[in-house]
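Contents: one structure, followed by commentary.
The values are calculated or read from the model by the stated rules, or taken from the named source; none is laboratory data. The structure presented is a predicted model; accordingly, all values stated were derived computationally and were not measured. No Cβ is skipped: glycine too gets one built from the backbone with ideal geometry, and neighbour counts run over all protein chains shown. Quick note on the areas: whole protein, heavy atoms, side chains included, nothing else; ligands and nucleic acids left out. Shrake-Rupley method; radii C 1.70, N 1.55, O 1.52, S 1.80 Å.
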Amino acid sequence: MSQKSTRRVESRHRTSPSARSAHELAASPTLRRRRLARQLLTLRANKGFTVDAVGKEAKKRSPGRPWSAAKVTRIENRQLQHLREADLLTLLDIYGITDEEERAAYVKLAKEASQAGWWVGYRDVLGTGAYIDLETEATELRTYEALYIPGLLQTQEYARAIVRGSGITDEHQVNRRVEARMMRRQILERSDAPVFTALIDEAAVRKLPREVAPAQLRHLIVMQRPALRVRIVPDASGPHPAMNGSFVVMGFPHDPSVVYLEQSMTGLFLEDQREVEHYERVFAAVEDAALSVDDSVAFLEESLTRSQ
């Protein structure tokens, strides 16, 4: 029995910044940099200006600032981590943005793009925290996991077992990683929590460590809700398009979707529309092969009985 998801978050492209979202304290600087860069690129394209022309004009308007075509390109490619307000206002002047409210909205967006999220305090275990940065702002998460329970659905005991199983033996490092993972789960308890669909391969359930399996299975069962669906991809479904590995499709209210591919040492973000659409099709195909929510709960309950 299969159950196909009909809900999809549509990406709406805007040429001026939107107001801060309801979960502003957990806002994603990365997403705001993406949005600001895209909007400035759109403004330039609408005017028909080249980056060289903008660089030269900016240098005329603010001779004390180091303007060049390369700098304009870095801004539009999100390679500039902090865009000074004076530089932003210079670009808005060049692009003919004179409305004070619109200019203020751009300035606000640029400031938000320079802020740091809570995950910065966990750089020792999370690195740049780029994935969590985007995950925090997503309004829809669609994940397929082949061998693990998704991080947002892990119990503390299971997370600890997984971290230790990865070869980390330093207890401080183990605790830090588990603590960060538990903090990530808070997005599921927000009033504006993302719609979350997790497709978990049967292999991930079978590989649960015996000592933590009962609690983890109970957690997966009780977490089921209209906006959070856990579905099992059974061995009986046979080969499917996601057998190359796990991935996450992240949807946002005002920005294009992003696909994240986790690797052993790092992660890969895909933003090209064709690549994103490919993984959306892959997810839909695996969703067709998955058990329904009710059948998945029955599968988990049976697994729980066997684990006790």
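For the reader, a short list of remarks on this structure follows.
- Which numbered condition residue 290 fails, given (1) in contact with a Leu (Cβ under 6 Å, 6 or more places away or on another chain); (2) at pLDDT below 95: (2)
- Those residues of region 106-129 which are within 22 Å of residue 267 (Cα to Cα) and open to solvent by 30 Å² or more (accessible area, probe 1.4 Å), in sequence order: 116, 118, 120, 121, 123, 124, 126, 127, 128
- Looking only at residues in region 82-126 that are part of a loop (DSSP other than H, G, I, E, B) and in contact (Cβ under 8 Å) with a residue 60 or more places away in the chain, the one that is nearest to residue 170 (Cα to Cα) is 117.
- For region 39-80, a residue qualifies if it is part of a helix (DSSP H, G or I), in contact (Cβ under 8 Å) with a residue 40 or more places away in the chain and under 30 Å from residue 117 (Cβ atoms), and the qualifying residues are 39, 40, 43, 44.
- Region 127-150, residues that are at pLDDT below 95 and under 14 Å from the mean Cα position of the chain (by Cα): 128, 129, 130, 131, 132, 133, 134, 135, 136, 137, 138, 139
- Taking region 219-242 as the range and being within 14 Å of residue 149 (Cβ to Cβ), among the hydrophobic types (A, V, I, L, M, F, W, C) and open to solvent by less than 30 Å² (accessible area, probe 1.4 Å) as the test, the residues that pass are 220, 223, 228, 230, 232, 233.
- Only one entry in 259, 293 is without any contact (Cβ under 8 Å) to a residue 24 or more places away in the chain and crowded, with 17+ Cβ neighbours inside 10 Å, namely 259.
- Of the criteria (1) open to solvent by 60 Å² or more (accessible area, probe 1.4 Å); (2) more than 27 Å from residue 271 (Cβ to Cβ), which one residue 103 fails: (1)
- Sole exception among (1) touching a Ser or Thr at 6+ places or on another chain (Cβ under 8 Å); (2) of a type outside the set (S, T, N, Q); (3) at pLDDT below 95 for residue 121, by number: (1)
- Residue that is farthest from residue 289 (Cα to Cα) [pool: residues in region 153-212 that are in a loop (DSSP other than H, G, I, E, B) and open to solvent by 60 Å² or more (accessible area, probe 1.4 Å)]: 170
- Every test in (1) part of a strand (DSSP E or B); (2) within 30 Å of residue 112 (Cα to Cα) is passed by residue 135 save one, and that test is (1).
- Test: residue 216 is open to solvent by 70 Å² or more (accessible area, probe 1.4 Å), touching a residue at least 40 places away in the same chain (Cβ under 8 Å), touching a Pro at 6+ places or on another chain (Cβ under 9 Å) and not small (Gly, Ala, Ser): no
- Condition met for residue 247 (free of Cβ contacts under 8 Å to residues at least 60 places away in the same chain and open to solvent by less than 50 Å² (accessible area, probe 1.4 Å)): no
- Residues located in region 257-296, provided they are assigned to a helix (DSSP H, G or I), of a type in the set (Gly, Ala, Ser) and under 25 Å from residue 218 (Cα atoms): 289, 296
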